[in-house]
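Before any comments, here is the structure.
The values are calculated or read from the model by the stated rules, or taken from the named source; none is laboratory data. In this text the structure is predicted, and so the values were computed from the model without any measurement. Here Cβ is always computed from backbone atoms with ideal geometry, including for glycine, and neighbour counts include all displayed protein chains. Note: accessible area is taken over every heavy atom of the protein model, side chains too, but ligands, DNA and RNA are not part of it. Shrake-Rupley method; radii C 1.70, N 1.55, O 1.52, S 1.80 Å.
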Amino acid sequence: MVAFTTVALGGFRGILADFLWLRAARLQQEGQYFELVQLADWITKLEPRFTSVWAYHAWNMAYNISVLFEAPEDRWRWVQHGVQLLRDEGLVYNPGEPRLLYELGWLFQHKIGANMDQAHGYYKQAWAAEMTELLGGPRPDYGALTAAAPTRADLLAREGLPALVEALTAQQRDPFSPALLAESLRADANPLLHTAAGQQLLDHLRLRRMKDDYKLDPGLMREVEASYGPLDWRLPQAHTLYWAWQSRLVAHDFDALAADRMIFQALVEAFRQGTLFTGERGDQFIPSP
């Protein structure tokens with residue numbers, strides 16, 4: 001799409017982008033939010049290397065649009081849209097861009113981690129639930145992830161895996177569905193998932209989901225913890241550190257100073273509320289020092 005707009009539209013690309021910016025402003029005033037998401041997508045495709053475009057639209061979704069809804073789940077959906085726009089698209093077109101890495105860290109630090117939004121408690125619990133399902137606990141099992149099969153072909157070449165896949169398929173289950181990660185945490189989980197082969201399957205699914213869906217690299221996570229100590233990755237402070245640390249590696253001048261400040265602030269918040277207590281039954285949510 002980027003190649004098409006660049007070649008086919010030529011000099012008209014800037015004019016079209018200006019028109020879409022004006023239309024986006026009008027749609028926001030009129031409350032046409034879902035069409036606004038499509039327009040934001042078009043604008044970023046027209047100007048994929050202009051980092052301010054990505055930062056603005058992510059901030060607009062997470063801050064301006066989210067607070068116009070009453071239900072916390074609706075607000076959270078728009079906050080997620082902002083995170084996903086930066087993480088899943090902006091950084092794909094602009095890999096290693098310190099400004100976008102910083103902006104992504106800011107959403108975790110301020111929008112999710114702070115208490116400025118009346119729905120902040122819902123955001124924190126929703127994110128913690130996602131990370132618990134993804135990681136299986138407060139921290140990744142780095143040893144298991146290092147040994148995990150990186151591709152499906154590598155997985156199926158391991159002993160016992162073809163038979164496991166066949167058995168799950170016979171049960172009309174998708175053996176490569178990420179839903180198996182959530183199921184494995186339940187008391188009524190399929191016994192096949194608790195075999196040696198089942199654990200290898202879960203480790204593979206966890207590694208792929210971390211990298212493909214959340215852009216979390218276990219190697220980088222381990223480096224962050226080596227620098228700043230063990231972190232509870234169910235909480236936003238850890239993810240603020242993860243993105244700010246990456247920004248600091250490539251930033252210069254003011255961007256480097258901003259990243260340093262974010263790292264310091266995230267460490268302060270982690271000291272204050274960097275551990276999550278969920279109770280014996282897992283039905284409580286109490287961040288603590």
| query | modelled with pLDDT of 95 or more and closer than 19 Å to P287 by Cβ, is that true of E103? | reply | no
| remark: Only one of Q200, Q237 is among the polar types (S, T, N, Q) and either part of a loop (DSSP other than H, G, I, E, B) or under 21 Å from the mean Cα position of the chain (by Cα) (or both), namely Q237
| V92 buried (at least 16 other Cβ atoms within 10 Å of the Cβ), in a helix (DSSP H, G or I), within 20 Å of the chain's Cα centre (by Cα) and among the β-branched types (V, I, T) | no
| Of all residues in region 66-77, which are part of a helix (DSSP H, G or I) and without any contact (Cβ under 8 Å) to a residue 24 or more places away in the chain? | D74, R77
| Selected residue [open to solvent by 50 Å² or more (accessible area, probe 1.4 Å) and among the basic types (K, R)] from R99, R75, R87 | R99
| message | Exactly one of these conditions fails for A189: (1) on the phi < 0 side of the Ramachandran plot; (2) open to solvent by 60 Å² or more (accessible area, probe 1.4 Å); (3) modelled with pLDDT under 95. Give me its number. | response | (2)
| request: Please find, among L235, L193, L231, the residue that is in contact (Cβ under 8 Å) with a residue 60 or more places away in the chain and touching a Ser or Thr at 6+ places or on another chain (Cβ under 9 Å). | output: L235
| field | Output for region 204-216, where each listed residue is open to solvent by 20 Å² or more (accessible area, probe 1.4 Å) and either part of a helix (DSSP H, G or I) or more than 30 Å from L100 (Cβ to Cβ) (or both) | value | R206, R208, R209, K211, D212
| Residue in region 220-228 that is open to solvent by 20 Å² or more (accessible area, probe 1.4 Å), at pLDDT 95 or above and within 14 Å of the chain's Cα centre (by Cα) present | no
| field | Tally of residues being of a type outside the set (D, E, K, R), open to solvent by less than 70 Å² (accessible area, probe 1.4 Å) and over 17 Å from R87 (Cβ atoms) across region 238-258 | value | 3
| message | So for region 49-58 (the condition being within 20 Å of G105 (Cα to Cα), out of contact with any Ser or Thr (no Cβ under 9 Å at 6 or more places or on another chain), at pLDDT below 95 and not in a helix (DSSP H, G or I)), does at least one residue qualify? | response | yes
| query | Which condition number in (1) touching a residue at least 60 places away in the same chain (Cβ under 8 Å); (2) open to solvent by less than 30 Å² (accessible area, probe 1.4 Å) is the one that E269 fails? | reply | (2)
| request: Please enumerate the residues belonging to region 107-145 that are surrounded by fewer than 19 Cβ atoms within 10 Å (Cβ to Cβ) and of a type in the set (D, E, K, R). | output: E130, E133, R139, D141
